[in-house]
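*Asks:* One structure, pasted below without further comment.
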Amino acid sequence: MCPGDARRGSAGRGLRPGRQVFEPAPDRNRTLSQRPFRTIRKPARAAILWNVTTTDGYLTLLPLYPLIPPALAVAVWILRRRADRRWTLFALVALAHVTLVVALTIFPIPIAGQDYYRRTRGFSEDNIVPFGTISWQLTHLTWNNLRQLVGNMLALAPLGVYAPELWPRLRDPRRFLILAIAFGAGIELCQLAGSLLEGFTYRVTDVDDALMNAAGAMAGFFIWRRLEGSKSAQVILARAVESLPWRPKTPSRAPTSPGSPTSPGSPPR
């Protein structure tokens, strides 16, 4: 799922971010991933978030604009809760991370022009053999392969920071491991579902990507647990929490009258 992946069978060429798979154009001796994108304007009656799409010459691709409204809605919900500042900070980090992961792994989405690739590409490049791709990349170690390995490790590393903060039960390494594996596998299954709906391999589904994602999340989990107790990390976190421009809600207390059971000085019953 990492941008800039280079895979076997791709003639040594790097693929586009998200590992979209393209065949060489029949009229040009180069891959579509090397063709410049051009902007297409839709009629003015279209909704403003759908005005712009991109194309590679065959596919018409929908950019990440549909992600913006739900991300903003969730951000507003988080801020309107006015919960504890620490929780709010980590909730906003989680929202930003999930939105970025979806943008890099799912978008852009083909909405037209799939017939050419359905005839020429079909389904290929997927890998269901654990450690098959990893071993090949380590054997043929290049800059692109190294970037792919490191990128897959870093992709879910933030999950190990904010998930245990938002859900304290995930501080248990075994429970968090289940979440990390499920998150990585969920990304690959979404990419597979997208390819099945499109009728060709638009994004490569690779079990090794899920393994590297889970490994990166676990690394982030243990590193953050180690750094969380350090004095410098506490100072940085405290400053970040205090920089939030509001105060959390405090529970309101009903006024008490003298002699009531809740007033100071009254004898307990």
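*Asks:* Kirkwood Rh over alpha-carbon pairs of region 32-242, then Stokes-Einstein at 20 °C and 1.002 mPa s: what D in µm² s⁻¹, rounded to an integer? If you can, show how the numbers build up before the last one.
*Replies:* Working: Rh = 19.6 Å.
So the translational diffusion coefficient is about 110 µm²/s.
*Asks:* Given H placed on each backbone N at 1.01 Å, which residues far from Thr60 in sequence or on other chains put an amide H within less than 5 Å of it?
*Replies:* Amide H neighbours of Thr60: Ile111, Ala112, Gly113.
*Asks:* Give, in nm to one decimal, the length gained when the segment between Arg175 and Val74 is fully stretched (0.36 nm per residue of separation minus the Cα-Cα distance).
*Replies:* 33.8 nm
Quick note: the coordinates plus some simple rules give every number you see, no bench work behind them. What you see is a predicted model, and the numbers here were worked out from it, not measured in a lab.
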